[in-house]
1. Is it the case, given these coordinates, that ASP39 is crowded, with 18+ Cβ neighbours inside 10 Å, acidic (Asp, Glu) and touching a Ser or Thr at 6+ places or on another chain (Cβ under 6 Å)?
2. Would you tally the residues in region 72-92 being open to solvent by 60 Å² or more (accessible area, probe 1.4 Å) and either modelled with pLDDT of 85 or more or on the phi > 0 side of the Ramachandran plot (or both)?
3. For region 21-43, does any single residue satisfy the condition of being on the phi < 0 side of the Ramachandran plot, in a strand (DSSP E or B) and at pLDDT 85 or above?
4. Only one of (1) open to solvent by 50 Å² or more (accessible area, probe 1.4 Å); (2) touching a Phe, Trp or Tyr at 6+ places or on another chain (Cβ under 6 Å); (3) part of a loop (DSSP other than H, G, I, E, B) fails for LYS235. Which number is that?
5. Looking at this structure, is ASP16 at pLDDT below 90, assigned to a helix (DSSP H, G or I) and either charged (D, E, K, R) or under 20 Å from ALA129 (Cβ atoms) (or both)?
6. I'd like the residue in region 109-130 that is buried (at least 17 other Cβ atoms within 10 Å of the Cβ) and either more than 12 Å from the chain's Cα centre (by Cα) or without any contact (Cβ under 8 Å) to a residue 12 or more places away in the chain (or both) and, out of all such residues, is farthest from THR37 (Cα to Cα).
7. Given the conditions (1) of a type in the set (A, V, I, L, M); (2) open to solvent by 10 Å² or more (accessible area, probe 1.4 Å); (3) part of a helix (DSSP H, G or I), and given that LEU56 satisfies all but one, which numbered condition is not satisfied?
8. How many residues are of a type outside the set (Lys, Arg) and either over 19 Å from TYR8 (Cα atoms) or surrounded by fewer than 21 Cβ atoms within 10 Å (Cβ to Cβ) (or both) if we restrict to region 19-31?
Amino acid sequence: MAKYRPIYTHIWKDPDFQELDPESKLLFLYLCTNESTTDSGIYPITARTIANETGLDLPTVSQRLANGCIRNIHYDEPLKYVFVAKFKRYNAGGKPELVVKGIVNDFVHSRQTHLWSIFLEEYPEYAEAILTIAEPVRPGRDRGKNSEPLANGYPTVTERINGSATVGEPLDNGCSGIPSNPNPNPNPNPNPNPSERLPNGLNQATWDEYKSWRAEIKKPLTRKDEKDAFGEIIKLKVAGYDPEQVVLQSLNRKWVRFFPTKRNNGNKENNSPDEALRKLKEKRANK
């Protein structure tokens, strides 16, 4: 555990940071500098601990974490893990080999959280080090409960994810829209059974079309199927393939699984993804 967490002075000119209100700035700086921070930026912490150490009231902390209104802050509410997505930007430094070792160690102890999926999208350069960990974690070594094994060569994305706002994007009204004294009993997760989080770069309409096609061919997606499919798509994204094009290719070629994309994905006119999806829908409708 590092005793010092230096913060680059350019944080004050960072556009994302400048958009935050004073309380959110305090919360962000705390999440970058508290004693629980790790090399990966993923670590366990409760809203109550944050409130006690920052002086912010508990409902304010819970509201900001749950709604995802602070860009680059992701919170796994069921397991109480946070991920500061730009942590390494503000806390750079250290010997590269030791940083990699620290990140792998973080993964071994917290692989059960869905936040590692977001981490590998943010830092694909660490994918090889993490994805080579094939053996399951020994009992008793995980900090959390219900540790999950690797799936498709990628850490399993849990179904315990906040469904009230898109992870990684601010709310439409931004953090400034949160009242100073929010409802002391907020309901950050109105949907008790949210869908899996779509991989970044994949449109909901495209994924809905894929699920509709799967239902048509009598191979509907179960929750487990969807989770495994996202594992395949994210792994391809880490390898440099666009998730939208990957799914469009499978739709166009009537493939159940996902593979590295071919040139144009059969789209000889080089249409935009939206236009390509529209043409696929028309083709199916005219059958």
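1. no
2. As a first pass, look at region 72-92 and keep what is open to solvent by 60 Å² or more (accessible area, probe 1.4 Å): 77-78, 80, 89.
Still in the list and also either modelled with pLDDT of 85 or more or on the phi > 0 side of the Ramachandran plot (or both): 77-78, 80.
Total meeting the criteria: 3.
3. To start, the set of residues in region 21-43 that are on the phi < 0 side of the Ramachandran plot comprises 21-40, 42-43.
Now narrow it down to the ones that are in a strand (DSSP E or B): 42-43.
Then drop every residue that is not at pLDDT 85 or above, which leaves 42-43.
Checked region 21-43: at least one residue is on the phi < 0 side of the Ramachandran plot, in a strand (DSSP E or B) and at pLDDT 85 or above.
4. All conditions are met except number (3).
5. Numbers: at pLDDT below 90: yes; assigned to a helix (DSSP H, G or I): yes; either charged (D, E, K, R) or under 20 Å from ALA129 (Cβ atoms) (or both): yes.
Yes, satisfied.
6. That would be ALA127.
7. Every listed condition holds for LEU56 apart from (3).
8. 7
The values are calculated or read from the model by the stated rules, or taken from the named source; none is laboratory data. Since the structure is predicted, the reported quantities are computational estimates derived from the model, not experimental observations. Cβ atoms come from the backbone with ideal geometry, glycine included; neighbour counts cover every protein chain shown. Heads up: the accessible areas ignore ligands, DNA and RNA and are worked out on the full protein's heavy atoms, side chains in. Shrake-Rupley method; radii C 1.70, N 1.55, O 1.52, S 1.80 Å.
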